[in-house]
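Heads up, the thing below is written out as structure tokens.
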Amino acid sequence: MKKIIDINSLTREMKLLLLLVQSDDDSLFGEVDFDNIDWNIFLELVYHHRLYPLVYTKMKRIGTEVPERVLDKLKKQYQENTYRMLNLCSEMERVVNALETEQIKTLVLKGPVLAESLYGDLSLRTSKDLDIFVPIDELDHVKDLLIKEGYVFKKDLPPVLNEWKWRWHHVSCIHHQSAIQIEIHWRLSHDSGKEPSFDELWTRRRRSNLTSKPVYFLGNEDLFLYLITHGSRHGWNRLRWLVDIDKMLSNKVNEGNLISLLDKYSSKQLAGQTLILLSELFNSTISKEFDPIMRNNHSRRLARYAFVFIKEMINLENSEPSFKYQLSLKTWLQKINFLLRRMHPDSLDRNIIHLPKGFFFLYFLLRPFLWVIRKLKRITVIS
């Protein structure tokens, strides 16, 4: 397959980072010109992509070629991350057990369970918070319980016509003492259309090996679908997400089940984008079963998009290409559905103009004007 990414356009520092995360063969580093590496730029890349645990453990083996100050900085980050992950793991078990006591089913999406499942070691992956997935009809119960456990929820804008159920996908809270953050999900992704239900995911759940009390997380193929949806939405801005997928593929997934799942939820183009990036950035070996997905023009176009975001370290949440890119991720049917949903009023509209409940229907008429006002305000703030 013809290459669609220009690896030669990357900096020396980025090429070194890619080499570190893609290979366990230390002999390959004999070809690296360490004298011409700008170590400040290299460290900036490592921190941005949240790869310091992996990079530190590999660079430690390389030895004298790496400046001591670089190893010291990476070691400090590695140790702090290990401590943070142990705390997250302990809190994860405590919270999940408290929910289980109330007979609330939970699935942990990422965090410590993902680190252990993919890397076999808590210390080799970073996580800033816990993501816990619950049935939507248990959401109020979960929030009440977490408040009793010492968590404080961010103040949400009042909903308009219940749009939060499909437009948003999680609420956030933080512990008032430990400062540990938890995101409570009732959907895997926001405003993304059709996705597996909680009950469907629960039937394919796995139990984590990390804890003595039961903690469950997503089945292999469901986890793949969730991770590519999350990574693609953010333009794969952090290489850590691609490393996760690479680890998943090396641990083997059921290709037939995965392709069926991707087809069911119209996500083949997202998988294609991901697999192209892995193949060309990491030299990953991709099963022939995925060739049709990777040869798809939609997948290839999305991979080119994401390469720019990776190369330029563009944060899509604060950039102009965001809306155009988010739309490009979707199939034609998903685009139509997405644009129709965009015409539905949301809580931010109520923040601009407050109407009594009996006049909520007017938000539908005012929606285009309120959307323009919000965009103009945002542009003013950015400029």
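Do you know which residues across region 206-221 are in contact with a strand residue (DSSP E or B) (Cβ under 9 Å, 6 or more places away or on another chain) and not small (Gly, Ala, Ser)? Step through it out loud before you land on a result.
Residues of region 206-221 in contact with a strand residue (DSSP E or B) (Cβ under 9 Å, 6 or more places away or on another chain): 206-208, 214-220.
ARG206, ARG207, PRO214, VAL215, TYR216, PHE217, LEU218, ASN220 - these are the residues of region 206-221 that are in contact with a strand residue (DSSP E or B) (Cβ under 9 Å, 6 or more places away or on another chain) and not small (Gly, Ala, Ser).
For region 245-297, name all the residues that are modelled with pLDDT under 95, within 19 Å of the chain's Cα centre (by Cα) and open to solvent by 40 Å² or more (accessible area, probe 1.4 Å).
LYS247, SER266
When region 281-300 is examined, which residues are found to be basic (Lys, Arg) and touching a residue at least 24 places away in the same chain (Cβ under 8 Å)?
Matches in region 281-300: ARG295, ARG300.
Taking the criterion of being outside any loop (DSSP other than H, G, I, E, B), open to solvent by less than 60 Å² (accessible area, probe 1.4 Å) and touching a residue at least 40 places away in the same chain (Cβ under 8 Å), would at least one residue in region 147-154 satisfy it?
Within region 147-154, none of the residues are outside any loop (DSSP other than H, G, I, E, B), open to solvent by less than 60 Å² (accessible area, probe 1.4 Å) and touching a residue at least 40 places away in the same chain (Cβ under 8 Å).
What number of residues within region 298-337 are open to solvent by 30 Å² or more (accessible area, probe 1.4 Å) and in contact with a His (Cβ under 7 Å, 6 or more places away or on another chain)?
Residues that pass the stated criteria total 1.
Quick check, is TRP236 on the phi > 0 side of the Ramachandran plot and open to solvent by less than 40 Å² (accessible area, probe 1.4 Å)?
yes
In region 126-137, what count of residues is obtained for those that are farther than 18 Å from CYS173 by Cα and open to solvent by less than 10 Å² (accessible area, probe 1.4 Å)?
The number of residues fulfilling the criteria is 1.
Suppose we filter VAL70, VAL96, VAL46, VAL21 for residues that are assigned to a helix (DSSP H, G or I), crowded, with 16+ Cβ neighbours inside 10 Å, touching a Ser or Thr at 6+ places or on another chain (Cβ under 7 Å) and not charged (D, E, K, R); which single one remains?
Criteria check complete, one pass: VAL96.
Kindly evaluate SER284 against the criterion of being part of a helix (DSSP H, G or I), out of contact with any strand residue (DSSP E or B) (no Cβ under 9 Å at 6 or more places or on another chain) and not aromatic (Phe, Trp, Tyr). Break it down stepwise before answering.
On the way: part of a helix (DSSP H, G or I): no; out of contact with any strand residue (DSSP E or B) (no Cβ under 9 Å at 6 or more places or on another chain): yes; not aromatic (Phe, Trp, Tyr): yes.
Spelling it out, it is not the case that SER284 is part of a helix (DSSP H, G or I), out of contact with any strand residue (DSSP E or B) (no Cβ under 9 Å at 6 or more places or on another chain) and not aromatic (Phe, Trp, Tyr).
The values are calculated or read from the model by the stated rules, or taken from the named source; none is laboratory data. No experiment lies behind these values; they were computed from the predicted model shown. Cβ: placed from backbone, ideal geometry, glycine included. Neighbour counts: every protein chain shown. To get the accessible areas, we keep the full protein, side chains included, count just its heavy atoms, and leave off ligands, DNA and RNA. Shrake-Rupley method; radii C 1.70, N 1.55, O 1.52, S 1.80 Å.
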